[in-house]
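Structure first, commentary second.
The values are calculated or read from the model by the stated rules, or taken from the named source; none is laboratory data. Owing to the predicted nature of the structure, the values given are computational and were not obtained by experimental measurement. All Cβ positions, glycine included, derive from the backbone under ideal geometry; neighbour counts span all protein chains shown.
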Amino acid sequence: MHNDHFSRHAQQVLTVTRGQERSQGPASDPSIARSWLRCLEDYHLDPAQTLAPTVLEHGRLLESRERLQQVLHIAGSEMNSLHQQLSGAGHAVLLTDARGVILNCVTASSERKIFERAGLWLGADWSEACEGTNGIGTCLVERQSLTIHRDEHFRGRHTGLTCSASPVFDPHGELLAVLDVSSAREAVSRQSQFHTMALVNLSAKMIESCYFLRHFENHWLLRFHLQAESVGLFSEGLLAFDGEGRICAVNQSALNLLGQRRGGLLGQPVEAFFECSLDQLLGRASANATASWPLRTRDGRHLFAALRGQVPSLPAPVAKPAAPRLPGICLGDPALQSDFRKALRVFERDVPLLIKGETGSGKEAFAKAVHQASQRAHKTFVALNCAAIPESLIESELFGYRGGSFTGARKEGMPGKLQQADGGTLFLDEIGDMPLVLQTRLLRVLEDRMVVPIGGEPQAVDVRIISATHRNLLERVQAGSFREDLYYRLNGLEVALPPLRERKDKSQLLDFLLGQEAGEQTVVLAGAAREALLAYAWPGNVRQLRMVLRTLVALAECGRVTLDDVPASIRERATAMACVEASPLHAAERQTLLSALEQQRWHMTHTAEQLGVSRNTLYRKLRKYGVGLPGTIRR
């Protein structure tokens, strides 16, 4: 059956590449037709051949990941968010390097084998030269976003996949990576991919912008757009220049807004393109660059801009003793404040901390605040998300390896996170997702204070450990997926962070985060807007609140946020909450819903099954009681 399908597909490919039937069918898209022709004439591929994917050796894969370490760090949370927005099931979110090699994959653990059978392995080469027409490889060649739907793939073995891919460019316009969403479901239509493609595009642009901002964090950075409210959003133009005012890099949006080519901008003085002197421009700079101001180009274009950079200040005439470092978090909740004092006290005595809490509740911020308030504040704080790193690579990431220890290993080796945190703090986020074999090695490190890199000799390390999880580790211990001795070794002091909906300092936290997002800009919340934000349940916790506030700051006109500016979903749920509070029966039903959702980790199908209702009924109840779903898209 498969051979018949492959033969028919191969015949269709040959028919199209001979110049016949291009006006209809899979190759009606010129980019597909061009790709099929390249596969036959340039790569000499056979569409009916069923070869296994070309996979990089472990060492080469680690080396490729290290080259893109910063991109992987930025992309990790964006990929997880994208997977959630797509409702997770049936999708794999992939990030590749500029050669088409898969460096990271986010998918449901129950579906990993399905995508591996389709060839979507870590380290697999999905360039056109290897796998023919496909989302990743064709995106690399065409340098544009595209969807390759089932029969549009060149190889017959890939016609069960639908792939939507978008390129990620570096600040110099070179291809840096490809972000791809692949689905192996038969029911996926090409029209249904419009929504997926839009989300992939948005995520790729977010990764691109964050990478640009970090890459040039020590340069002057001009952010601009045609609309004042769009400065700070992903569609903004970004232009980096040095201390002499020479342009170092621009993104594609900047080129479009200025009507220039990259070669005509790089190395040129920034004042050659804007109607102001360099001194006038620098006089507008601020550390956070959140307040925008009008800026006119030399050719008469009207823009709004903000300039990020630290203006040197005069040294203080009298040196005073430095004030104690204050943690960059809000601790207005009395219980949270008490927990922080206890955590700091035991941390200074080298007692491990275990922080528990829902996703987005601020576990990493709490851990970093403890580190910054401790005697180790001047040392390194290294964070490792055990759930975001593929299982096959986490050992190398955590322990490092000696040069030449396996095929493809770097000659000089690579230090792991434990060595990088030597003298400082290692934060192990989502520790509950660490593979069992590595739990044994980590336990040995905690007992002996010695790290053994792969293929290397033991090395002494001085590191304090803070771990965090949203899982119930005792349940995992009972299930045999987490070592009991490691649990008690990490749980020197357990700190349970409350979800945002239960915090006593929501009002203070709202002001604190608003101040952080606004920077030097003065932004005021109207009373009705403030009440709506405080009444909302915030299923995404502090992370969700921060993102909403960031958007509101960008949209605030004359520094004021009104109720109309607040997202409609939050306004509606705040109104629903007011109705629930008026009825004890409704309040009880709402609490039952929340409890079931938390038990099932917000998995809609499982929650509906537990409650004995349909998914549609569950969604209706959630809307009725103002319960929002985690993630940017509410479903």
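Conditions tested, residue by residue: (1) outside the structural domain of K368 (by TED's automatic domain parsing); (2) touching a residue at least 12 places away in the same chain (Cβ under 8 Å); (3) under 20 Å from R601 (Cα atoms).
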{"site": "R471", "(1), (2), (3)": "no, yes, yes"}
{"site": "Q478", "(1), (2), (3)": "no, no, yes"}
{"site": "F482", "(1), (2), (3)": "no, yes, yes"}
{"site": "L486", "(1), (2), (3)": "no, yes, no"}
{"site": "G492", "(1), (2), (3)": "no, yes, no"}
{"site": "D511", "(1), (2), (3)": "yes, no, no"}
Give region 481-494 a look and list any residue that's of a type outside the set (F, W, Y), touching a helix residue (DSSP H, G or I) at 6+ places or on another chain (Cβ under 9 Å) and closer than 19 Å to D433 by Cα, or say none. S481, R483, E484, D485, L486, R489, L490, N491
Could you identify the single residue in G432, G413, G400, G362 that is at positive phi, surrounded by 19 or more Cβ atoms within 10 Å (Cβ to Cβ), free of Cβ contacts under 8 Å to residues at least 60 places away in the same chain and not assigned by TED's automatic domain parsing to the domain that holds H73? G400
Do you know which of the residues in region 446-458 that are aliphatic (A, V, I, L, M) and within 14 Å of E397 (Cβ to Cβ) is surrounded by the fewest Cβ atoms within 10 Å (Cβ to Cβ)? I454
Residue satisfying all of: in region 410-452; assigned to a loop (DSSP other than H, G, I, E, B) and within 30 Å of E358 (Cβ to Cβ); nearest to the chain's Cα centre (by Cα) among these: E430
Could you check region 125-136 and list, in sequence order, the residues that are crowded, with 24+ Cβ neighbours inside 10 Å and either outside any helix (DSSP H, G or I) or free of Cβ contacts under 8 Å to residues at least 40 places away in the same chain (or both)? W126, G132, T133, N134
Filter region 174-208 for residues that are touching a helix residue (DSSP H, G or I) at 6+ places or on another chain (Cβ under 9 Å) and of a type in the set (S, T, Y) and give the result. S182, S183, S203
Just to confirm my filter: which strands (runs of 3 or more DSSP E) fall fully inside region 170-264 and include at least 1 residues that are among the β-branched types (V, I, T) and in contact (Cβ under 8 Å) with a residue 12 or more places away in the chain? 175-183, 247-250
All positions within region 453-473 that are out of contact with any helix residue (DSSP H, G or I) (no Cβ under 7 Å at 6 or more places or on another chain) and outside any strand (DSSP E or B): G455, G456, E457, P458, D462, H470, N472
Could you list, in sequence order, the residues of region 247-265 that are loosely packed, with under 15 Cβ neighbours inside 10 Å and either under 21 Å from E217 (Cβ atoms) or aromatic (F, W, Y) (or both)? Q252
